[in-house]
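Below: one structure, written as structure tokens.
Laboratory data are not the source of any read-out in this text; all were calculated from the coordinates shown. Quick caveat, the model's predicted, so the values are computed rather than measured. Quick reminder, even Gly has a Cβ in these numbers, built from the backbone with ideal geometry, and neighbours come from all protein chains shown.
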Amino acid sequence: MTPESPAKFIGFYKLLDAMKAPGCPICRRLVEENRRSIESFLYESVNDPALRDEIRKDRGFCHRHSWQLARFGDALGSAILFRDVLSTSLQLIEDIKPATFLRKLPPIRPVSEVCLFCRLEHHFHTTLMSEMVAHISESELKAGWQGAAMLCVPHLRELCAALRDTDARIQIIDLHRRKYLGLCEEMARLIEKQSYDHRSEETGSEKTSWLRAIEALVGMADVE
């Protein structure tokens, strides 16, 4: 009897949609979900007393999420939040003598616990990777790799570490080896076209290959 496939939820189909675009679908979904979380928070939850208290205890947001929040340009919501945080921080500074200030500051927390959005992102990341592992052999997911989608190196390593199916692990590694090699070949063409003999030649997709190589090596800019 063929084992029953794991149930497919909306996250699986959103992952398939992310695979229609170039680059790492895990990174893309994390960026999309993170943006949705921040937007939802700004427009629906800025005045939520429990969340405000949580943010004060966190002493605000991490560097990355603070600036992502700022990009929304919500001056009122941001002022409400950061006034709370700065006022709390000011009280903390005033209550500690200069000589013992650094010694009495709370310890730095792990990345997944730094701020509200870090925790939400960490939870979503775990769920997303579980979806990928559960459906790694599904025909729909395999078809998604036929386009320009490819995992970044960090997410490829994470996926391979989570896969118990040896054949699936070998297949996904071989697939990405070919994709990374193709990207290297694009960069070789880009380099060649910078020479005097080839400057008159038009550039194609290789003109963005260096940016895609950075994403392949470290992931998208807004993902940590």
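Normalised by residue count, segment 136-193 yields a Cα convex hull volume of 74 Å³ per residue. In terms of packing, defined here as the mean over residues of other Cβ atoms within 10 angstrom, the peptides 160-167, 52-59 line up highest first as 52-59, 160-167. If you plug the beta carbon distance of residue 180 and residue 142 into 1/(1 + (r/R0)^6) with R0 = 25 Å, you get a FRET efficiency near 0.85. Value of Rg to Rh for segment 19-218, rounded to two decimals, is 1.10; Kirkwood radius and Rg both from alpha-carbon coordinates. If R0 is 22 Å, the Cβ-Cβ spacing of residue 54 and residue 32 corresponds to a FRET efficiency of close to 0.40.
In this structure, the pairs whose alpha-carbon distance is over 30 Å, taken from 8/179; 20/207; 20/57; 14/57, are 20/57; 14/57. Note: relative contact order over segment 19-218, using C-alpha pairs below 8 Å and six or more positions apart, is 31 percent. Between the listed residues 145, 117, 173, the Cα displaced farthest toward the positive end of the dipole of segment 19-218, a dipole computed from Cβ unit charges relative to the Cα centre, is found at 117. Scanning residues 5 or more positions from residue 60 or on other chains, none has an amide H under 5 Å from its amide H, with H placed 1.01 Å from N in the peptide plane.
Given their separation in residues at 0.36 nm each and the Cα-Cα distance between them, residue 122 and residue 194 gain 21.7 nm when the chain is fully extended. Spacing of the modelled spin labels on residue 83 and residue 221, each 7 Å from Cα toward Cβ, amounts to 3.2 nm. Using a simple spin-label model with pseudo-atoms 7 Å out from Cα toward Cβ, residue 167 and residue 130 lie 2.6 nm apart.
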